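Novice: Starting off with a structure, shown below.
The values are calculated or read from the model by the stated rules, or taken from the named source; none is laboratory data. Everything quoted here is computed from the prediction, not taken from an experiment. Neighbour counts run over all protein chains shown; Cβ positions are idealised from the backbone, glycine included. Note: areas computed on protein heavy atoms with side chains; ligands, DNA, RNA excluded. Shrake-Rupley method; radii C 1.70, N 1.55, O 1.52, S 1.80 Å.
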Amino acid sequence: MKKAAPGSGPVIIKKYANRRLYNTETSSYITLEHLAAMTREGRDFKVVDAKTDDDITHNVLTQIIMEEESRGQTMLPVSFLRQLISLYGDSMQAMVPGYLEASMDSFRHNQEQFRTAVEGAFAGSPFAELAKRNMAMFEAAASAFKPAGTVAAPVASETAAGGGDDVAALKAELARLQEKIEKLAS
């Protein structure tokens, strides 16, 4: 969320008692969906209570997650939520935020390394188109961590149009790439 935005510093969003959100940068009322889109774009913002000027960004981001989860975009398994709740009041509670942040940073870093390795491995080769399809399938699988839209439908239609040979080739290539990843990890 460190991406530079027009203007300096985070965008200030004011939340009024009637639950309306006001974007001070655009001088307009916005919704939680707008804030979710800003988050996906990497825009930095701070939500403040209009009356008290208290920072309520954490509460609003949690509310966005709850709404996404209720729409069927579940990323947080029940077992994870139970474990998280059990850590409240525990002596390890102070360590959890840093651990979760580091874990997500590591996940995104590994995702980018994988993408770069796959793209670089096939650049200029006859397998370039196959690599593009593999990347599309990988991005569809990883879309759970960036819920801006679905990638699965276009990939499925491309694969269906290509026929059974393409599916077999993709499976073989995916297995080969998995072997490479395992070698890189060890």
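Novice: Could you tell me which of the residues T57, T39, T74 is without any contact (Cβ under 8 Å) to a residue 12 or more places away in the chain and of a type outside the set (D, E, K, R)?
Specialist: T74 is the lone residue from the list that is without any contact (Cβ under 8 Å) to a residue 12 or more places away in the chain and of a type outside the set (D, E, K, R).
Novice: Would you check if D55 is over 26 Å from A141 (Cα atoms) and modelled with pLDDT under 90? Spell out how you get there, then give the answer.
Specialist: Values: over 26 Å from A141 (Cα atoms): yes; modelled with pLDDT under 90: no.
No: the conditions fail for D55.
Novice: A further question on this structure: Looking at the structure I just gave you, is M104 open to solvent by 80 Å² or more (accessible area, probe 1.4 Å), among the aliphatic types (A, V, I, L, M) and either under 30 Å from A141 (Cβ atoms) or not in a loop (DSSP other than H, G, I, E, B) (or both)?
Specialist: no
Novice: Need pairs with beta-carbon distance below 7 Å; first residue modelled with pLDDT of 70 or more and within segment 1-20, second of a type in the set (G, A, S); sequence gap 6+ or separate chains.
Specialist: V11/A5; K14/A50; K15/A50; Y16/A50
Novice: Quick one: F80 ticks every box in (1) surrounded by 11 or more Cβ atoms within 10 Å (Cβ to Cβ); (2) within 20 Å of the chain's Cα centre (by Cα) except a single one, so which number is it?
Specialist: The single condition F80 does not satisfy is (1).
Novice: Which of the following residues is over 15 Å from the mean Cα position of the chain (by Cα), open to solvent by less than 80 Å² (accessible area, probe 1.4 Å) and closer than 30 Å to K180 by Cβ: V96, V118, V48? Outline the logic, then answer.
Specialist: Details: V96 fails: closer than 30 Å to K180 by Cβ; V48 fails: closer than 30 Å to K180 by Cβ.
It is V118.
Novice: Residue check: is G89 open to solvent by 40 Å² or more (accessible area, probe 1.4 Å) and modelled with pLDDT under 90?
Specialist: Working: open to solvent by 40 Å² or more (accessible area, probe 1.4 Å): yes; modelled with pLDDT under 90: no.
In short, no.
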